[in-house]
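Below is one structure, written out as C-alpha coordinates; comments come after it.
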Amino acid sequence: QVQLVESGGGLVQAGGSLRLSCAASGSIFSINAMGWYRQAPAKQRELVATVNSGGSTNYADSVKGRFTISRDNAKNTVSLQMNSLKPEDTAVYYCNAVLTYSPKMGQYEHWGRGTQVTVSS
(Lines give C-alpha, C1' and ligand atoms only; values in the text may rest on other atoms or scores of the structure.)
Protein backbone atom coordinates (compact mmCIF):
# COMPACT_ATOMS: atom_id res chain seq x y z
CA GLN A 1 0.00 0.00 0.00
CA VAL A 2 1.35 3.39 -1.02
CA GLN A 3 0.09 6.69 0.34
CA LEU A 4 0.75 10.24 -0.75
CA VAL A 5 -0.16 12.77 1.90
CA GLU A 6 -0.27 16.46 1.05
CA SER A 7 -0.11 19.42 3.40
CA GLY A 8 0.22 23.17 3.25
CA GLY A 9 -2.84 24.38 1.37
CA GLY A 10 -4.93 27.28 2.55
CA LEU A 11 -6.25 30.76 1.87
CA VAL A 12 -3.91 33.55 0.86
CA GLN A 13 -4.23 36.99 -0.68
CA ALA A 14 -3.04 37.68 -4.19
CA GLY A 15 0.70 38.27 -4.21
CA GLY A 16 1.23 36.00 -1.22
CA SER A 17 3.04 32.71 -0.87
CA LEU A 18 2.25 29.15 0.15
CA ARG A 19 4.33 26.02 0.38
CA LEU A 20 2.86 22.60 -0.37
CA SER A 21 4.48 19.39 0.78
CA CYS A 22 3.82 15.75 -0.05
CA ALA A 23 5.21 12.64 1.59
CA ALA A 24 5.11 9.21 -0.01
CA SER A 25 5.06 6.17 2.23
CA GLY A 26 4.49 2.43 1.99
CA SER A 27 5.99 -0.36 -0.09
CA ILE A 28 8.18 1.74 -2.36
CA PHE A 29 11.29 0.50 -4.12
CA SER A 30 11.99 3.63 -6.11
CA ILE A 31 10.24 6.78 -7.24
CA ASN A 32 10.84 8.04 -10.74
CA ALA A 33 8.90 11.26 -11.08
CA MET A 34 7.06 13.30 -8.47
CA GLY A 35 4.97 16.32 -9.15
CA TRP A 36 2.00 18.55 -8.60
CA TYR A 37 -1.16 18.89 -10.62
CA ARG A 38 -4.17 21.09 -10.01
CA GLN A 39 -7.83 21.17 -10.83
CA ALA A 40 -9.98 24.26 -10.69
CA PRO A 41 -13.80 24.06 -10.62
CA ALA A 42 -15.25 23.01 -13.98
CA LYS A 43 -11.78 22.57 -15.44
CA GLN A 44 -9.62 19.57 -16.24
CA ARG A 45 -6.72 18.57 -14.06
CA GLU A 46 -3.51 20.15 -15.34
CA LEU A 47 0.18 19.76 -14.73
CA VAL A 48 1.79 22.36 -12.48
CA ALA A 49 5.33 21.03 -12.04
CA THR A 50 7.25 17.76 -12.02
CA VAL A 51 10.71 16.66 -10.94
CA ASN A 52 12.40 13.38 -11.79
CA SER A 53 14.83 11.36 -9.69
CA GLY A 54 17.76 13.17 -11.27
CA GLY A 55 16.41 16.57 -10.35
CA SER A 56 15.22 17.69 -13.78
CA THR A 57 12.16 19.87 -13.52
CA ASN A 58 9.26 20.78 -15.75
CA TYR A 59 6.79 23.63 -15.18
CA ALA A 60 3.56 24.79 -16.71
CA ASP A 61 4.08 28.09 -18.52
CA SER A 62 1.55 29.74 -16.23
CA VAL A 63 3.69 29.16 -13.12
CA LYS A 64 7.23 29.56 -14.47
CA GLY A 65 9.17 32.08 -12.45
CA ARG A 66 6.67 31.98 -9.59
CA PHE A 67 6.63 28.34 -8.43
CA THR A 68 9.57 26.14 -7.50
CA ILE A 69 9.41 22.38 -7.10
CA SER A 70 11.93 20.50 -5.00
CA ARG A 71 12.39 16.93 -3.94
CA ASP A 72 14.13 14.96 -1.19
CA ASN A 73 14.85 11.51 -2.57
CA ALA A 74 15.98 10.15 0.80
CA LYS A 75 12.68 11.12 2.44
CA ASN A 76 10.40 10.49 -0.57
CA THR A 77 9.01 13.99 -0.33
CA VAL A 78 8.25 16.69 -2.84
CA SER A 79 7.48 20.34 -2.16
CA LEU A 80 6.08 23.22 -4.16
CA GLN A 81 6.96 26.77 -3.18
CA MET A 82 4.36 29.09 -4.65
CA ASN A 83 5.12 32.80 -4.75
CA SER A 84 3.31 35.76 -6.28
CA LEU A 85 0.07 33.82 -6.17
CA LYS A 86 -2.81 34.92 -8.38
CA PRO A 87 -6.55 34.29 -8.07
CA GLU A 88 -6.30 32.03 -11.12
CA ASP A 89 -4.03 29.72 -9.12
CA THR A 90 -7.05 28.78 -7.01
CA ALA A 91 -7.56 25.03 -7.32
CA VAL A 92 -7.23 21.71 -5.58
CA TYR A 93 -3.58 20.70 -5.81
CA TYR A 94 -2.75 17.00 -6.13
CA CYS A 95 0.55 15.29 -5.44
CA ASN A 96 1.59 12.68 -8.00
CA ALA A 97 4.27 9.99 -7.96
CA VAL A 98 5.36 7.43 -10.53
CA LEU A 99 7.03 4.60 -8.66
CA THR A 100 7.95 0.94 -8.56
CA TYR A 101 7.21 -1.54 -5.80
CA SER A 102 10.11 -3.89 -6.60
CA PRO A 103 12.95 -4.17 -9.15
CA LYS A 104 10.99 -6.67 -11.26
CA MET A 105 7.78 -4.70 -11.48
CA GLY A 106 6.74 -1.89 -13.76
CA GLN A 107 5.93 1.66 -12.82
CA TYR A 108 2.70 2.71 -11.21
CA GLU A 109 1.14 6.10 -10.78
CA HIS A 110 -0.27 7.28 -7.45
CA TRP A 111 -2.20 10.35 -6.43
CA GLY A 112 -2.76 12.14 -3.18
CA ARG A 113 -6.20 13.25 -2.07
CA GLY A 114 -5.54 16.88 -2.82
CA THR A 115 -5.22 20.09 -0.86
CA GLN A 116 -7.20 23.26 -1.50
CA VAL A 117 -5.39 26.46 -2.42
CA THR A 118 -7.52 29.59 -2.54
CA VAL A 119 -6.11 32.94 -3.62
CA SER A 120 -8.29 35.96 -2.93
CA SER A 121 -8.10 39.13 -4.98
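The values are calculated or read from the model by the stated rules, or taken from the named source; none is laboratory data. Quantities reported herein were computed from a predicted structural model and do not represent experimental measurements. As a convention, Cβ positions derive from the backbone with ideal geometry for all residues, glycine included, and neighbour counts pool all protein chains shown. These area figures cover heavy atoms from the full protein model, side chains too; ligands, DNA and RNA do not enter into them. Shrake-Rupley method; radii C 1.70, N 1.55, O 1.52, S 1.80 Å.
Applying a DSSP loop filter and a limit of 14 other Cβ atoms within 10 Å to the trypsin sites (Lys or Arg not before Pro) in region 30-102 leaves Lys43, Lys64, Lys75. Spacing of the modelled spin labels on Ser84 and Trp111, each 7 Å from Cα toward Cβ, amounts to 3.0 nm.
Taking amide hydrogens as placed 1.01 Å from N in the peptide plane, the amide H of Lys86 sits under 5 Å from those of Gly15, each at least 5 positions away in sequence or on another chain. Summing Cβ point charges (Lys, Arg +1; Asp, Glu -1) relative to the Cα centre of the chain gives a dipole of roughly 60 debye. Suppose R0 equals 30 Å. What FRET efficiency, 1/(1 + (r/R0)^6) with r the Cβ-Cβ distance, do Ser7 and Ser27 give to the nearest 0.05? After rounding, the FRET efficiency stands at 0.85.
What is the log10 of I(q)/I(0) for region 40-87, computed with the Debye formula using one identical point scatterer on each Cα and no solvent, at q = 0.15, 0.28 Å⁻¹? The Debye formula, applied to the Cα set alone, gives -0.45, -1.11. Give me the Debye-computed log₁₀ of I(q)/I(0) at q = 0.13, 0.20 Å⁻¹ for the chain, equal point scatterers on Cα only, no solvent, two decimals. Calculated log10 I(q)/I(0) at the listed q: -0.48, -1.05. Rolling a 1.4 Å probe over the protein heavy atoms of region 13-92, with every protein chain left in place, gives an accessible area that is 45 percent carbon and sulfur.
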